[in-house]
Amino acid sequence: MRKRLPIAGLLGLALLASGCGSSEPEKSGNVEISYALWEKNDAPAAQKIIDAFQKANPGVTVKLEITPWDQYWTKLQTAAAGGAAPDVFWMSSLNVRMYAKGGVIAAADESKTTGFTPATVAGYRYDGKLWALPFSVSLPALWYDKKLFDAAGVKYPTADWTWDDVKAAAKKLTDPAKKQWGIMTPMWDQGGFYNTMIQAGGRVLSADGKKSGFDEAGSIQGLEFWTDLMIKDKVAPQAQVYNDTEPLQLFQTGKIGMQYGGSWFAATYAANPEVKSRVDLVPLPKGPAQEGVIVASLANAVSAKTEHPKEATAFAAFFASEEGQKIFSDAGGASISAREGTQDGFYKAYPDFNLKGLFEGSMPHGVEYPVTLDTAKWQDVQNKLLVDAWTGKRPTADVAKDIAVKMNEILAKE
Amino acid sequence: MKSRERLWGYALIAPMALGLAVFYVWPIAQTLYLSFTESGVFGGQTWVGLDNYTALAADEEMTGALGNTLLYAALMLAGVPLSIVVAALLNVRGLRGLGFYRTIYFLPVVTMPAAVGLTWRYLYNGDFGPINQLLAAVGIDGPYWVADPDVAIYALALVGVWSSIGYNAVLFLAGLQGIPRHYYEAAEIDGAGRLRQFFRITLPLLTPTTFFVIVITMINALQVFDLVYLIFDLKSPALPGARTIVYFFFEQGFLKNQRGYAAAIAVVLLGLILVLTAIQFRLQKRWVHYA
């Protein structure tokens, strides 16, 4: 029996930890700012930008702090509540409104975003202001295993594929005897069902963000795309599999034909020479109603309470500048640079994957990731209820309608 | 002289008492206060009275978490006799490799919970885990231990029991060795067999230790969090069947930033532990023999 923190102590500790902010005295000409992010595959690129920034700004030191995604927001929130947030930190469009409204982040300069695709910037506007400077885009992609396609005599996916092509190929690639599956269907919004909901003519949120779109016919069809593959067509493993083994790892076992994944998976797949040689990607297949992919961008936010606003703002701006974006791209990390025309370095870093085709084929149909003020709250409802559909306990359409009802209750309170 | 002594007494317990006050009593008071408020995401509270508690009473997830936690505690208690058996075996005099066995059984106690959780998560893996591969070798199609809501809590309790055997066994071992030898000698002269000796001497004289172990096991079981957090994914489909009260507290307080609501959960758990422990102390008069 190991010692566990008593429950009351847990809260107490959190309060205590949030109370100890750093208050180092400012030394002239020697400023240190902290920079927090979660993706370790992007850390080397960030470090290169830091080096260049420090060179151009003598006397300023940027300290990199990496916190894994699972703990990133919890930690940031606790720090922010105690007024001790990092000076500059990664922000996602999912959380930006809450941080802006809470007075944690400072407004950013619009003029620094000329040269960015609107879909990458839009998510960071709230209340008439821009709150963070985008630096990277994450695009969903259809990854496929060439080896399995060859073995089954199926033609590789192309940018012109439709849902029907996916289904047909998945059927041919599935072989229960070999425990081989045509496709994976993890319950995933960003790279998965948000895209198919849009492609079938549905939507996650109404245009004004006040109503749920989950009960629309197109949305239901977009969700059924996934549950059908798994439950009706049986060309994907059952939902429980992904709890035990992450899709990212499962795909590398060589027993999965296709995967709705992300552009940022490139870093992981390229790190394994055997996997690198047998996988590639294309833009997401077209749906019955339209083309459409969720373009999620990441951005740098500056703390409203930073002791060095000038340096922190300058660093965030440098990250989004032509020079910063080229360094980011050339480093070949996890994400694609956001500023138009700076992507070549990234393509070159992953010559085995058709990332150029993905970027150019996806961006024209980009739709921003759906967010409201408290996105996490209704996403929690979405994720909890969808489990019933994914495990086949209840019809997908019923579940989708339930989500809409509960989501509307939450949205009404925002 | 008397008051001087008293002063010294207070001075000597001051470090402990201060620590308790700062790290336990004050946070409990704070938690109690927070449970009547709704907190902003980045701090700041508004008084909402009993709203959190009424919402909690109607929350299906809370009911589920309560059920899961109580079931887990019951399973953990069911595992206590195992520790007595292990302790009895470790108490056999002249057993070869005694030190080795004691180390083996105690190892889980001193292993980091994170390591324990991750190792078991790997063992339980439905497709690639050693447990299911062993089962497959004898023709059994193993379940998704930690992804199936119907099996999850049992899988969790198995890890819990496994990791608590060593600690409990040490307590029982101490209890066993505290039983005077001459009771057994007397019993032998009276013609009592081994089994009779165990039930008539060992078990009754072990009851103070058993009582202690049961109380501690229950309190710890009701507060289980680390194993759930480490073995289950945040989006695991098994969570409805594996969510414990403290995990629910974590979800509400740290993932959804409803700290007031989370505080109410903590207060309910505190009350639950208090009541169950009080009942145990009441009942002990009926079965615990202090020699």
Just tell me which aspartates and glutamates come within less than 18 Å, Cα to Cα, of residue A:210; anything on the same chain fewer than 8 places away is out. A:127, A:368, A:374, A:380, A:402, A:409, A:414
Which shape class, rounded, prolate or oblate, goes with the stretch A:76-166 when its Cα gyration tensor gives a ≥ b ≥ c as root eigenvalues, a/c under 1.5 marks rounded, and past that a/b bigger than b/c marks prolate? prolate
Per residue, how many Å² of accessible area does chain A show with a 1.4 Å probe? 41 Å²
Roughly how many Å is it from the Cα centre of the stretch A:278-324 to that of the stretch A:326-364, as a whole number? 12 Å
For residue A:395, net neighbour charge (Lys/Arg +1, Asp/Glu -1) across residues whose Cβ lies under 10 Å away: 0
Here the whole-number average of other chain Cβ atoms within 10 Å per Cβ of B:144-152 is 3
Give me the percent of DSSP beta bridges within the protein assembly as shown that run antiparallel, rounded to the nearest 5. 70 percent
Output the direction-averaged projected area (hull surface divided by four) of the convex hull of the alpha-carbon atoms of the stretch A:312-385, in nm². 7.5 nm²
Sort all Cα-Cα distances of the stretch B:1-103 into consecutive 10 angstrom bins from zero, then give the percent of pairs in each bin up to the one containing the longest distance. 11, 16, 19, 21, 22, 10, 1
Which of the helices in chain B, when you take each full DSSP H run, stretch at least 30 Å along the axis at their Cα atoms and have an average Kyte-Doolittle score of -0.5 or higher? B:152-177, B:259-287
Would you mind checking the pairs A:129/A:211; A:171/A:393; A:75/A:147; A:356/A:406; A:171/A:286; A:155/A:276 and listing those with alpha carbons more than 30 angstrom apart? A:75/A:147; A:356/A:406
Across the Cα atoms of the protein assembly as shown, what radius of gyration and what greatest pairwise Cα-Cα distance (Dmax) are found, in Å? 29.2, 98
Given a 1.4 Å probe and the protein chains all in place, what does the accessible area of residue B:289 round to, in Å² to the nearest 10? 100 Å²
Gap in Å between the Cα centre of the stretch A:86-116 and the Cα centre of the stretch B:175-228? 62 Å
Between the stretch B:71-103 and the stretch B:1-31, what is the separation of their alpha carbon centroids in Å? 38 Å
Please give the average number of partner chain Cβ atoms lying within 10 Å of the Cβ of each residue in B:254-266, rounded to a whole number. 3
Give the A-B buried accessible area in Å², both sides summed, 1.4 Å probe, nearest 100. 4100 Å²
Ignoring ligands, DNA and RNA, what percent of the accessible area of the stretch A:266-369 is carbon or sulfur (1.4 Å)? 50 percent
Shielding by partners for B:55-65, please: the mean number of other protein chain Cβ atoms within 10 Å of each residue's Cβ. 0
Going by accessible area, probe 1.4 Å, with all protein chains left in place, what is the ranking of A:234, B:235, A:286, A:348, largest first? A:348, A:234, B:235, A:286
Just to compare against my own numbers: the Cα pair-distance distribution for the stretch A:202-327, 10 Å bins, whole % per bin, please. 9, 24, 28, 24, 13, 1
Give me the distance in nm between label points sitting 7 Å out from Cα along the Cα-to-Cβ direction at residue B:4 and residue B:177, one decimal. 4.2 nm
Could I have the simple spin-label model distance between residue B:54 and residue B:199, label points 7 Å from Cα toward Cβ, reported in nm to one decimal? 5.6 nm
Short to long, in 5 Å steps from zero, the percent of alpha-carbon pairs of chain B per bin is 1, 5, 9, 11, 12, 13, 13, 11, 9, 7, 4, 2, 1, 0, 0, 0
Roughly how tilted is helix A:69-81, in degrees to the nearest 10 and between 0 and 90, from the longest Cα axis of chain A? 30 degrees
How tilted is helix A:375-390 with respect to the longest principal axis of chain A? Cα atoms for both, answer in degrees (0 to 90, nearest 10). 20 degrees
Within straight cross-link reach of residue A:40, meaning Cα distance under 14 Å, which aspartates and glutamates are found once same-chain residues fewer than 8 apart are removed? A:65, A:70
Mind ranking A:318, A:135, B:128 by accessible surface for me, highest first, 1.4 Å probe? B:128, A:318, A:135
Extension gain residue B:140-residue B:276, at 0.36 nm per residue separation less the Cα-Cα distance, in nm? 45.0 nm
Label-point gap, in nm, between residue B:33 and residue A:70 - each point 7 angstrom along Cα→Cβ: 3.4 nm
Fraction of accessible area attributable to carbon and sulfur, the stretch B:1-159 (%, probe 1.4 Å): 70 percent
Under 14 Å, Cβ to Cβ, from residue B:118 - net charge with Lys/Arg +1 and Asp/Glu -1: -4
Compactness check, the stretch A:157-206: C-alpha Rg relative to the 2.2 N^0.38 Å globular estimate gives 1.37
Calculate for chain A the 222 nm mean residue ellipticity that helices alone would give, adding -39,500 (n - 2.57) per DSSP H run of length 4 or more and normalising by residue count, nearest 500 deg cm²/dmol. -12500 deg cm²/dmol
Tilt, helix A:43-56 to longest principal axis of chain A (alpha-carbon atoms), in degrees rounded to tens, equals 30 degrees
For the stretch A:261-384, rounded, prolate or oblate, judged on the Cα gyration tensor with a ≥ b ≥ c (square roots of eigenvalues), a/c < 1.5 rounded, else prolate if a/b > b/c? oblate
For A:394, B:196, the accessible-area ranking with a 1.4 Å probe, largest leading, is B:196, A:394
Residue separation times 0.36 nm, minus the C-alpha to C-alpha distance between residue B:235 and residue B:114: what's the value? 41.7 nm
Heads up, I need the accessible area for residue B:167: 1.4 angstrom probe, whole protein in place, Å², nearest 10. 70 Å²
Checked chain A against the a/c 1.5 cut and the a/b vs b/c comparison, axes a ≥ b ≥ c from its Cα gyration tensor; verdict prolate
Calculated over the stretch A:297-354: convex hull of Cα atoms, volume per residue (Å³): 85 Å³
Between residue A:307 and residue A:40, Cβ-based FRET efficiency (R0 25 Å, step 0.05) works out to 0.35
Looking only at aspartates and glutamates whose Cα falls under 19 Å of residue A:255's and that sit 8 or more positions away or on another chain, we get A:145, A:150, A:175, A:233, A:244, A:246, A:274, A:280, B:127
Could you pull the accessible area for residue B:226 with a 1.4 Å probe, rounded to 10 Å²? 30 Å²
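The values are calculated or read from the model by the stated rules, or taken from the named source; none is laboratory data. In this text the structure is predicted, and so the values were computed from the model without any measurement. Cβ: placed from backbone, ideal geometry, glycine included. Neighbour counts: every protein chain shown. Just the protein is used for accessible areas: all its heavy atoms, side chains included, with ligands, DNA and RNA removed. Shrake-Rupley method; radii C 1.70, N 1.55, O 1.52, S 1.80 Å.
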